[in-house]
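The values are calculated or read from the model by the stated rules, or taken from the named source; none is laboratory data. Since the structure is predicted, the reported quantities are computational estimates derived from the model, not experimental observations. Note that each Cβ is placed from the backbone with ideal geometry, even for glycine, and that neighbours are counted across all protein chains shown. When the accessible area is computed, the model is the full protein with side chains, heavy atoms only, and any ligands, DNA or RNA have been set aside. Shrake-Rupley method; radii C 1.70, N 1.55, O 1.52, S 1.80 Å.
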Amino acid sequence: MKKELIVLFGGTSDERLVSVASGQNVARYLTRAKLWYLSNEGEIFEVSHEALHNHQNPFTEEFLPREEPLFSSIDDAVRKVSHQHPTVFIALHGGEGENGTL
């Protein structure tokens, strides 16, 4: 059985733009991973590789997913997928991604 892989990027910190750039770089190599964007409001969106790849100027322009949120919060996401034991690559920067609180 293949284990699900998720790249989590974005976030609510001031470093979320850097995180989008990190997500773009990681997604280039993890082409089968699901891409989850954590919005500034805390919602989780599943986005396509194409949408993330096509986002220009990640260091200066917000990434705005066109999809509806997949989960209302990171806590909601964890509750709903934890039984699947996915592997999550955390590409978040700032407090939530770098200090272990997530």
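Extent of region 50-102 along its three principal axes (Cα atoms, max minus min coordinate, largest first): 35, 27, 19 Å.
Just to confirm my numbers, what's the Cα centroid distance between region 16-30 and region 41-65 in Å? Region 16-30 and region 41-65 have Cα centres separated by 9 Å. Among Gly42, Gly11, Gly23, the largest mean-square fluctuation in a Gaussian network model of the chain (Cα springs under 10 Å) belongs to Gly42. With a simple spin-label model that places each label point 7 Å from the Cα along the Cα-to-Cβ direction, the separation between Ala51 and Ser73 comes to 2.3 nm. Applying the Karplus relation 6.51 cos²θ - 1.76 cosθ + 1.60 with θ = phi - 60° to region 39-53 yields 3J(HN,Hα) values of 6, 4, 8, x, 7, 10, 10, 8, 10, 7, 4, 4, 4, 5, 4 Hz, where x marks Gly and Pro. Ordered from largest to smallest accessible area (heavy atoms of protein chains, 1.4 Å probe), the residues Arg16, Arg79, Arg66, Arg32 come out as Arg66, Arg32, Arg79, Arg16. Between the entries [x] 16, 38, 25, 15, 6, 0; [y] 18, 56, 25, 1; [z] 16, 53, 28, 2, 0, the label attached to P(r) over Cα pairs in 10 Å bins from 0, in percent calculated for this structure is [z]. Residue-wise HN-Hα couplings along region 21-27, as the Karplus relation 6.51 cos²θ - 1.76 cosθ + 1.60 with θ = phi - 60° gives them from phi, are 4, 4, x, 4, 5, 5, 4 Hz; Gly and Pro carry x. A DSSP coil position with no more than 14 other Cβ atoms inside 10 Å describes the following GluC sites (Glu not before Pro) in region 13-64: Glu41, Glu61, Glu62. Ranked from largest to smallest solvent-accessible area, with a 1.4 Å probe on the protein heavy atoms, Phe59, Phe71, Phe89 come out as Phe59, Phe89, Phe71. Once all protein chains are placed together, Lys80 keeps about 110 Å² accessible to a 1.4 angstrom probe.
In order along region 72-79, the phi-based Karplus estimate (6.51 cos²θ - 1.76 cosθ + 1.60, θ = phi - 60°) of 3J(HN,Hα) comes to 7, 7, 5, 5, 4, 4, 4, 4 Hz; Gly and Pro are listed as x. Long-range amide H contacts for Glu4: which residues qualify at under 5 Å (H placed 1.01 Å from N, peptide plane, sequence gap of 5 or more or a different chain)? Amide H neighbours of Glu4, under 5 Å, 5+ apart: Thr87.
In whole Å and largest first, what semi-axes does the C-alpha gyration tensor of region 16-74 yield when each eigenvalue is scaled by 5 and square-rooted?
Values: eigenvalues 56, 39, 19 Å².
Largest first, region 16-74 gives 17, 14, 10 Å.
Helices in the chain, meaning DSSP H runs of at least 4 residues, each add -39500 (n - 2.57). Divided by all residues, the mean residue ellipticity at 222 nm is -9000 deg cm²/dmol.
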